[in-house]
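Peer 1: Here's a structure for you.
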Amino acid sequence: KETPVIVDFWAPWCEPCKQLTPVIEKIVKEKNGNVILAKMNIDESPEVAQQLKIQSIPAVMAFNDGQPVDGFQGAKTPSEIKDFVKKVISLGPNNNADEGLESALEMAEKMLEDGEFSDSLEVFLAIIDQDAKTMKAYAGVVKSYLGLGELNNAQEFILNLPVDIVDKKELTPVKAQVELALQAESYGDTSNLRQLVLDQPENHQARLELAVSLFSKGNAEEAIELLLEILKNDLQWNEGSARLQLIKLLDSMDANDSLALKGRRKLSSIIFA
């Protein structure tokens, strides 16, 4: 109830268990009591393994507040086990400054980068529960929802942000990402838009819609170039729609992203040419 517990299920005849257990013991020992390791011989307690539906070993399960929260079966690398232990600690009630929010945030961002969106969402939400002022965690929740394709949840999360943080500049990029995703959803199929642009090179609206659609699918470079192409041909087209769209797109990216920096330079050169 007070400290997360990791249970290592093993048996004397299990050779992989003999390799996994010492690694977990070493990593948990380094955490200075922020997580507890328990080892259970399934030959001696078969009813527990059956109750938890453990079908093969080695098997590891984590418990927080008396409830199972995560686990895995089979072999894992030391780095994967470290990430697992960090995640378990982040979900616990007694995180300290060293092993708590900072390490949990780092781990969640790595999960996000690796495409483990369900796991990153869980950790980001746990971080917010511990510290409601961590802007990166709010941004991470939105990115996780977008990664899962849960656009409505991302939008609802933004709409329900606390009043005192809703206008924080750290959240500007993810808010723009949600707006762009909603916009892209309304534009339809990317392949149809691409064909339309090929058939009608002067159709700036189709080119703009294709840019937004491509950006929502992760193709930022082509999206930027498509909007720049509109601006090169007609800077004031549709009351500056392409310029405004490009700015929104760039605002949704990391300020130090090389593509964003390059896009801003090209935009400036066109405007001030």
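The values are calculated or read from the model by the stated rules, or taken from the named source; none is laboratory data. Source: prediction; values computed, not measured. FYI the Cβ positions are ideal-geometry reconstructions off the backbone, even for glycines, and counts take in every protein chain you see. Quick note on the areas: whole protein, heavy atoms, side chains included, nothing else; ligands and nucleic acids left out. Shrake-Rupley method; radii C 1.70, N 1.55, O 1.52, S 1.80 Å.
Peer 1: By the gyration tensor of its Cα atoms, with a ≥ b ≥ c the square roots of the eigenvalues, what is the shape of the range 60-195: rounded for a/c under 1.5, prolate for a/b over b/c, or oblate?
Peer 2: Cα axes put the range 60-195 in the oblate bin.
Peer 1: Leaving ligands, DNA and RNA out of it, report the carbon-plus-sulfur percent of the accessible area of the range 118-273 at a 1.4 Å probe.
Peer 2: 48
Peer 1: Any lysines with Cα under 21 Å of the LYS53 Cα? List them, leaving off those in the same chain fewer than 8 positions away.
Peer 2: Result set, ordered by chain and number: LYS39, LYS76.
Peer 1: Based on the alpha-carbon gyration tensor of the range 1-86 and its eigenvalue square roots a ≥ b ≥ c, which shape applies: rounded if a/c is under 1.5, prolate if not and a/b is larger than b/c, or oblate?
Peer 2: Taking the square roots of the gyration eigenvalues as a ≥ b ≥ c, the range 1-86 is oblate.
Peer 1: Over the range 1-82, what is the relative contact order in whole percent, taking alpha-carbon pairs under 8 Å and six or more residues apart?
Peer 2: Over the range 1-82, the number comes to 42 percent.
Peer 1: With θ taken as phi - 60° and the coefficients 6.51, -1.76 and 1.60, list the Karplus ³J(HN,Hα) couplings across the range 25-31 in order, rounded to whole Hz; mark glycine and proline as x.
Peer 2: 4, 5, 5, 5, 4, 6, 8
Peer 1: For SER118, tell me the accessible area in Å² from a 1.4 Å probe, rounded to the nearest 10.
Peer 2: The accessible area comes out at roughly 70 Å².
Peer 1: Would you kindly give the portion of the calculated P(r) for the chain that falls above 22 Å, as a percent of all Cα pairs?
Peer 2: That tail contains 65 percent of the Cα-Cα pairs.
Peer 1: Considering only ALA139, ALA126, ALA220, whose Cα is most displaced toward the positive end of the charge dipole of the chain, charges sitting on Cβ of Lys, Arg (+1) and Asp, Glu (-1)?
Peer 2: Selected residue: ALA220.
Peer 1: Right, something else. For ASN219 and ALA273, compute 0.36 nm times the residue count separating them, minus their Cα-Cα distance, and round to one decimal in nm.
Peer 2: Gain on extension, ASN219 to ALA273, equals 16.7 nm.
Peer 1: At 1.4 Å probe radius, can you tell me the per residue accessible area of the chain in Å²?
Peer 2: 55
Peer 1: So if I take the alpha carbon set of the range 131-273, get Rg, then get Rh from the Kirkwood formula, what is the Rg over Rh ratio?
Peer 2: Using Cα coordinates only, the ratio equals 1.00.
Peer 1: Please find, in a Gaussian network model of the chain (springs between Cα atoms separated by less than 10 Å), the residue of GLN67, GLN245, GLN51 whose mean-square fluctuation is greatest.
Peer 2: Among GLN67, GLN245, GLN51, the largest mean-square fluctuation in the Gaussian network model of the chain belongs to GLN51.
Peer 1: Taking the Cα centre of the range 142-229 as origin, work out the dipole magnitude from +1 charges on Lys and Arg Cβ and -1 charges on Asp and Glu Cβ, in debye rounded to 20.
Peer 2: Approximately 200 debye in magnitude.
Peer 1: Continuing with this model, one more query. When the Cα atoms of the range 102-167 are enclosed in a convex hull and the volume is divided per residue, what value in Å³ results?
Peer 2: Convex hull volume per residue, Cα atoms: 71 Å³.
Peer 1: Related question: For the range 1-129, what is the charge dipole size about the Cα centre, in debye to the nearest 20, if Lys and Arg each add +1 at the Cβ and Asp and Glu each add -1 at the Cβ?
Peer 2: For the range 1-129, the charge dipole is close to 400 debye.
Peer 1: Working out 0.36 nm times the residue gap between GLU113 and GLN195, then minus their Cα-Cα distance, what length gain in nm do you get to one decimal?
Peer 2: Gain in length upon complete extension: 26.3 nm.
Peer 1: Along the charge dipole of the range 162-203, which of VAL163, TYR187, ALA176 sits closest to the positive end, that is, farthest toward it, with unit charges on the beta carbon of Lys, Arg, Asp and Glu (+1, +1, -1, -1)?
Peer 2: Checked the options; the winner is VAL163.
Peer 1: At 7 Å along the Cα-to-beta-carbon direction for both LEU151 and LYS18, put a label point, then send me their distance in nm to one decimal.
Peer 2: Going by the 7 Å Cα→Cβ label model, 5.5 nm.
Peer 1: Let me ask something else about it. How much of the accessible area of the range 1-56, in percent, comes from carbon and sulfur atoms when a 1.4 Å probe is used?
Peer 2: Here carbon and sulfur together make up 53 percent of the probe-accessible area.
Peer 1: Now for a different question. For the chain, with only Lys/Arg (+1) and Asp/Glu (-1) charged at the beta-carbon, what is the dipole magnitude about the Cα centre, in debye rounded to 20?
Peer 2: Taking the Cα centre of the chain as origin, the dipole is about 520 debye.
Peer 1: Which is farthest toward the positive dipole end of the range 1-116 among SER45, PHE9, ASN64, measuring Cα position about the Cα centre, with Cβ charges +1 (Lys, Arg) and -1 (Asp, Glu)?
Peer 2: SER45
Peer 1: Follow-up question, since we're still on this one. Please compare each pair in LYS86/LYS248; LYS87/LYS143; LYS168/LYS232; LYS143/LYS232; LYS110/LYS168 to a cut-off of 27 Å on the Cα-Cα distance and tell me which ones are over it.
Peer 2: LYS86/LYS248; LYS168/LYS232; LYS143/LYS232
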